[in-house]
Amino acid sequence: MRAEVISIGTEILLGEIVDTNAAYIASRLPQFGIDMLYTSQVGDNPDRLFEVFERAWNRSDIVFATGGLGPTEDDLTRETIASVLQEDLYQDEDQATALRTLFEARGGYMPERNLKQAQLIKSARAIENPRGTAPGWWVERENKIIVVMPGPPPEMIRMWENEIAPELEKQASSILVSRTLKTSGIGEGTLDEMITPLLHSTNPSIGVYARADGVHVRISAKGNSRKSALDLIRPVETEARNILGTAIWGEDEESLSGAVGRMLIEQGLTLALMESATGGALASSFTDIDGSSEYFRGSLVTYATDTKISMGVDSDTIAKHGVISENTAKEMAVRAREVLGASLGIGITGIAGGNEVEEQPPGTMHIALSDDSGFLEYSHSRYYQGREAAKKRAVLTALTMLRQYLINK
């Protein structure tokens, strides 16, 4: 099938928001045997919307559109599709009732203008959207499909995963399934050499990719169903796991913080942090994971020097070695563990960006780990491509250090 994506909203054209929806949809289409041929971004203008939709309808088998489903006058996606297909809009009473129920559950009054979100055309059916007020549309006519989803990514992604993807899978003649094994501690070239015996397979095929959180191995197979594709993947995945061993820290959508959290739970350990240069970014990576309170005690974001001292970091250590030093990072790790009552503590101090401090360049990070036996581990890095990148690299280094500790333990 030939597909294209239309991203709707003047705010996209003005650069006020980044269009992540098109990239998300494009990355999901290959598994259904759908070829992505075109993308368009268009503002909330009726003439230009009509032009884009008419062209898409004439040249593509399936059109995915995001945005323009709100209740305001400039939300014109429904009206435009109705005009292109020359069908009349009507108010669907089931959708109107669902809208009123939603507003009542939220304890608010529903403006009458919101009823436009209950409109359909004869060729469309509504797609459930529990995260917002705007249902999507699934339009089928003349062996062609238009799928319309809300613009906000949380609403669009939920709708895709729960409603759109299962429908596309039913209609697909072949399914492409991928499994991704995520590794750390092995370079891209070394890993490629290690799995050389597996690289000559065509179905499944294997790719090696360097990513920010390590090197990924993607195993992809085509089959006439998800089960048949997975049956092809399993023996190759087993062999890859045997070769790579503990270098594999996770799979598919799992994050490194999620993998480390799982290991903490398995070993019955808890974690506390004292962060300076990262400003709570490491804590955020753990609290992004459901259930992290089982092992994560908390983080002390001691950005100022006097705050570090107030949390128990020895002022003499800072005076002698500097606030950005191995010794201060180790003290921070110990105090975090003691103050928050955890099995393990991590301390991070450094220079996230800006000017050189204490004769150390921007991007310098000192990271230490402490356990309740008095063990201390330390890592030092210098990596600078801007403040945000330096913080992300420090978080990755800390997670990798903690994972290695848990493996060794």
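Just so it is clear, none of the values below were taken in a lab; they were calculated from the coordinates. This structure is a prediction, so every number in the text was calculated from the model and none was measured. Here Cβ is always computed from backbone atoms with ideal geometry, including for glycine, and neighbour counts include all displayed protein chains.
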### Summary
Put in order of increasing Cβ neighbours within 10 Å, starting from the fewest, 366, 200 give 200, 366
### Task
Would you mind ranking 286, 50 so that the residue whose beta carbon has the fewest other beta carbons within 10 Å leads the list?
50, 286
### Query
Can you tell me the Rg and Dmax of region 109-178, counting just the alpha carbons, in angstroms?
13.9, 47
### Task
Pairs of Cα atoms under 8 Å, at least six residues apart: use those to get the relative contact order of region 175-251, whole percent.
44
### Query
In units of 2.2 N^0.38 Å, what is the alpha-carbon radius of gyration of region 159-309?
1.33
### Query
Computed over the Cα atoms of region 256-408, what is the convex hull's projected area averaged over all directions, in nm²?
8.0
### Message
Quick check for you: which residues of region 1-29 have the amide N under 16 Å from the point 7 Å beyond the Cα of residue 178 toward its beta carbon?
### Response
22-29
### Message
What FRET efficiency comes out for residue 310 versus residue 90 if R0 is 60 angstrom and r is the Cβ-Cβ distance? Round to the nearest 0.05.
### Response
0.35
### Query
Thinking of region 1-101 as a set of Cα atoms, what percent of all their pairs are more than 15 Å apart?
65
## Note on the structure
Taking only the alpha-carbon atoms of region 1-49, the convex hull volume per residue, in cubic angstrom, is 66
### Query
Is any residue of region 239-263 close enough, with backbone N under 12 Å, to a label point placed 7 angstrom from the Cα of residue 201 along the Cα-Cβ axis, and if so, which?
239-243
### Message
I want to make sure I understand the PRE zone here: with the label point 7 angstrom from the Cα of residue 387 toward its beta carbon, which residues in region 359-373 have backbone N atoms less than 14 Å away?
### Response
362-363
### Message
Order these by the 10 Å Cβ neighbour count, fewest first: 1, 332, 159.
### Response
1, 159, 332
### Task
Starting from the Cα of residue 23, step 7 Å along the direction of its Cβ; do the same at residue 54; then give the gap between the two resulting points in nm.
3.3
### Task
Rounding to the nearest 20 debye, state how big the charge dipole of the chain is about its Cα centre with +1 on each Lys and Arg Cβ and -1 on each Asp and Glu Cβ.
820
### Query
How big is region 175-251 by Rg and Dmax over its Cα atoms, in Å?
11.9, 37
### Query
For the cross-link pairs 144/227; 222/409; 182/409; 170/391; 144/182, which exceed 32 Å when the distance is taken from alpha carbon to alpha carbon?
222/409; 170/391; 144/182
#### Entry: Among 215, 148, 52: highest mean-square fluctuation, GNM of the chain, C-alpha pairs under 10 Å
52
### Task
Rank 225, 212, 240 by how far each Cα sits towards the positive end of the charge dipole of region 202-248 (+1 on Lys, Arg Cβ; -1 on Asp, Glu Cβ) and give me just the farthest.
225
## Note on the structure
Computed for region 1-126: size of charge dipole around the Cα centre, +1 on C-beta of each Lys and Arg, -1 on C-beta of each Asp and Glu, debye to nearest 20, value 380
### Task
Mind jotting down the distance between the C-alpha centroids of region 232-253 and region 5-56, whole Å?
36
### Query
Roughly how compact is the chain, stated as its Cα Rg over 2.2 N^0.38 Å to two decimals?
1.21
#### Entry: Positive dipole terminus of the chain, leading residue within 321, 138, 86 (C-beta point charges)
321
### Message
Give me the net charge for the shell around residue 48: Cβ to Cβ below 12 angstrom, other residues only, Lys and Arg +1, Asp and Glu -1.
### Response
-3
### Query
By the scheme Lys and Arg +1, Asp and Glu -1, what is the net charge of all other residues having a beta-carbon under 11 Å from that of residue 249?
0
### Translational diffusion of region 362-405, µm² s⁻¹ [Kirkwood Rh, Cα pairs; Stokes-Einstein; 4 °C; 1.567 mPa s]
118
### Mean residue ellipticity (222 nm) of the chain, computed from DSSP H runs ≥ 4 via -39,500 (n - 2.57), nearest 500
-11500 deg cm²/dmol
### Task
Specify the residue with the greatest mean-square fluctuation among 120, 13, 191, computed from a Gaussian network of the chain linking alpha-carbon atoms under 10 Å apart.
13
### Query
Using the alpha-carbon centroid of each, what span in Å lies between region 128-197 and region 291-335?
42
### Task
Report the net charge of residues surrounding residue 261, where surrounding means a beta-carbon distance below 12 angstrom and charges are Lys +1, Arg +1, Asp -1, Glu -1.
-3
### Query
Evaluated at 25 °C with a viscosity of 0.890 mPa s, what Stokes-Einstein diffusion coefficient in µm²/s does region 2-171 have when Rh comes from the Kirkwood expression over alpha-carbon pairs?
152
